[in-house]
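Asker: Following this message is one structure expressed as structure tokens.
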Amino acid sequence: MEQPTPYALIAKYLSSQCSDIEELELLAWRKLSTENELLFEELRNEWNLINADLQKPPVYPNKEKVWSNIQQSIKTTVNTYTRSFVIRIASMAAMIALVIGFSFSYLLNDTKEAAVLSSTFIAPNGQKSQLVLADGTKVWLNSGSSLTYSNKYGDKDRSVQLKGEAFFDVTKNPNLKFIVNTGSINVVVHGTAFNVKSYGVDPEVSVSLLRGKVDVVSAIDNMSLALLSPGERVVLDKKGMNFKVEKCDASLDGIWRLEKLKFEGATISEVAQKLGKWYGIDIAVKDTNRFQKYWFTVKSESLLDILKSMNGLHPIKYSISGDYVLISSR
């Protein structure tokens with residue numbers, strides 16, 4: 001029996017309200033079929049279109065006003081999108097309004113009530129995004145990543161929440177630390193450039209430092225794990241919280257932000273993982289030689305061209321079915 005579209009769950013995810021368990025539930029639904037994944041991507045793109053309006057609610061937000069904003073967004077885009085778009089986004093909009101209606105935190109005192117709101121920027125699968133924060137800090141988001149921060153950012157704190165991978169070029173402020181929270185670790189800096197990789201499905205989180213210094217702190221007990229110097233990377237196991245510090249080419253770890261993907265002695269599993277993120281698809285590897293290494297650079301080539309080049313380096317077989325690719329030995 002066909003499973004109904006979980007609009008409420010999708011709305012919570014797009015509003016950054018999902019728990020880890022709910023994210024896994026949504027991921028399982030997305031993997032049930034290609035149609036489910038395509039619908040999810042369409043809804044996410046459509047959410048980005050109306051998100052600008054939703055990020056500017058009144059000081060005392062309520063579901064009715066949020067719903068009104070959503071309806072207005074639908075009216076302004078109806079000439080561009082099909083009727084099916086309006087039906088889908090309207091079906092989800094009520095759920096979004098409900099989620100947003102309960103997602104605001106309040107700071108209370110004797111004389112006034114002030115809402116603490118947050119903004120979330122998303123880089124869809126297969127795409128990359130760049131934004132500049134209020135203090136001039138530059139952030140590049142890799143495919144399938146999101147960054148959330150408070151509307152009070154830059155006033156009393158400079159903290160952001162990251163899901164996925166991002167490169168940060170942080171504006172110096174000796175009086176206000178910049179903090180990246182991934183759920184497992186906090187990266188604490190004043191002004192520096194570094195790459196953070198922390199996708200939910202990955203068992204590890206890594207931080208690579210290009211310049212400056214960063215303090216990597218456990219989000220569980222706030223204990224310092226490592227103080228990195230340029231050219232160093234910390235890799236932490238999310239479950240056991242075991243970590244190692246190693247030398248690295250930090251410019252290579254963050255090269256994706258320059259619209260390049262460079263492999264230097266990478267295994268086929270490492271290549272498949274990064275290509276999957278790059279093109280926004282699932283790539284599986286089966287019965288291949290794990291000792292084979294690859295050296296090549298990806299710029300604007302198609303996935304098919306890359307697979308053909310890989311076959312020229314080490315003979316492989318590959319099959320493409322929609323957004324799923326299987327690579328095996330020849």
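The values are calculated or read from the model by the stated rules, or taken from the named source; none is laboratory data. Please read all numbers here as calculations on a predicted model, not as lab measurements. Reconstructed Cβ throughout: ideal geometry from the backbone, glycine too, with neighbour counts over all protein chains shown.
Asker: What about GLY126, is it surrounded by fewer than 20 Cβ atoms within 10 Å (Cβ to Cβ), touching a residue at least 60 places away in the same chain (Cβ under 8 Å) and not in a strand (DSSP E or B)? Working first, answer last.
Answerer: On the way: surrounded by fewer than 20 Cβ atoms within 10 Å (Cβ to Cβ): yes; touching a residue at least 60 places away in the same chain (Cβ under 8 Å): yes; not in a strand (DSSP E or B): yes.
In short, yes.
Asker: Related question: Only residues that are more than 11 Å from the chain's Cα centre (by Cα) and either in contact (Cβ under 8 Å) with a residue 40 or more places away in the chain or under 20 Å from CYS18 (Cβ atoms) (or both): list them for the stretch 136-158, please. Outline the logic, then answer.
Answerer: Quick first cut of the stretch 136-158, residues more than 11 Å from the chain's Cα centre (by Cα) only: 136-139, 149-158.
Matches in the stretch 136-158: THR137, TYR149, SER150.
Asker: Let me ask another. When you go through SER309, SER269 one by one, which is the residue that is within 26 Å of ASP20 (Cβ to Cβ), out of contact with any Leu (no Cβ under 9 Å at 6 or more places or on another chain), modelled with pLDDT under 90 and part of a helix (DSSP H, G or I)? Walk me through how you get there before you give the answer.
Answerer: Values: SER309 fails: within 26 Å of ASP20 (Cβ to Cβ).
Of the residues listed, the single one that is within 26 Å of ASP20 (Cβ to Cβ), out of contact with any Leu (no Cβ under 9 Å at 6 or more places or on another chain), modelled with pLDDT under 90 and part of a helix (DSSP H, G or I) is SER269.
Asker: Taking the stretch 1-42 as the search range and keeping residues that are assigned to a loop (DSSP other than H, G, I, E, B) and over 19 Å from the mean Cα position of the chain (by Cα), which one is nearest to ILE320 (Cα to Cα)? Spell out the reasoning first.
Answerer: Step one: list which residues in the stretch 1-42 are assigned to a loop (DSSP other than H, G, I, E, B), which gives 1-6, 15-19, 31-33.
Now restrict to residues that are over 19 Å from the mean Cα position of the chain (by Cα): 1-6, 32-33.
Details: MET1: 27, GLU2: 25, GLN3: 26, PRO4: 27, THR5: 26, PRO6: 28, LEU32: 18, SER33: 15 Å.
Only one residue tops the list, namely SER33.
Asker: Which one is surrounded by the fewest Cβ atoms within 10 Å (Cβ to Cβ), of the residues in the stretch 235-256 that are part of a strand (DSSP E or B) and out of contact with any Phe, Trp or Tyr (no Cβ under 6 Å at 6 or more places or on another chain)?
Answerer: As a first pass, look at the stretch 235-256 and keep what is part of a strand (DSSP E or B): 235-237, 243-247.
Then drop every residue that is not out of contact with any Phe, Trp or Tyr (no Cβ under 6 Å at 6 or more places or on another chain), which leaves 235, 237, 243-247.
Values: VAL235: 17, ASP237: 13, PHE243: 19, LYS244: 11, VAL245: 17, GLU246: 11, LYS247: 9.
So, considering only residues that are part of a strand (DSSP E or B) and out of contact with any Phe, Trp or Tyr (no Cβ under 6 Å at 6 or more places or on another chain), the one surrounded by the fewest Cβ atoms within 10 Å (Cβ to Cβ) is LYS247.
Asker: When residues of the stretch 164-177 are filtered for being touching a residue at least 60 places away in the same chain (Cβ under 8 Å) and either more than 25 Å from LEU24 (Cβ to Cβ) or among the basic types (Lys, Arg) (or both), how many remain? Steps first, please.
Answerer: If we filter the stretch 164-177 for residues that are touching a residue at least 60 places away in the same chain (Cβ under 8 Å), which is where we start, we get 165, 167.
Cutting the leftovers down to either more than 25 Å from LEU24 (Cβ to Cβ) or among the basic types (Lys, Arg) (or both) gives us 167.
Count: 1.
Asker: Can you pull out every residue in the stretch 301-330 that is in contact (Cβ under 8 Å) with a residue 12 or more places away in the chain and surrounded by fewer than 11 Cβ atoms within 10 Å (Cβ to Cβ)?
Answerer: If the condition is that a residue be in contact (Cβ under 8 Å) with a residue 12 or more places away in the chain and surrounded by fewer than 11 Cβ atoms within 10 Å (Cβ to Cβ), then ARG330 is the only one that fits.
Asker: Starting from the stretch 24-53, keep only residues that are within 14 Å of ALA11 (Cβ to Cβ), then list their pairs with residues that are among the charged types (D, E, K, R) and at pLDDT 85 or above whose Cβ atoms are within a distance under 9 Å, requiring at least 6 positions of separation or different chains.
Answerer: Listed pairs, sorted by first residue: LEU39/ARG30; PHE40/ARG30.
Asker: What's the number of the only condition in (1) touching a residue at least 12 places away in the same chain (Cβ under 8 Å); (2) within 29 Å of SER184 (Cα to Cα); (3) within 25 Å of the chain's Cα centre (by Cα) that ILE255 fails to meet?
Answerer: Here ILE255 clears every test but (1).
Asker: Quick one: is VAL188 touching an Asp or Glu at 6+ places or on another chain (Cβ under 8 Å) and touching a residue at least 24 places away in the same chain (Cβ under 8 Å)?
Answerer: On the way: touching an Asp or Glu at 6+ places or on another chain (Cβ under 8 Å): yes; touching a residue at least 24 places away in the same chain (Cβ under 8 Å): yes.
Yes.
Asker: For the stretch 6-31, which residues satisfy the criterion of being among the β-branched types (Val, Ile, Thr) and surrounded by fewer than 17 Cβ atoms within 10 Å (Cβ to Cβ)?
Answerer: To start, the set of residues in the stretch 6-31 that are among the β-branched types (Val, Ile, Thr) comprises 10, 21.
Matches in the stretch 6-31: ILE21 only.
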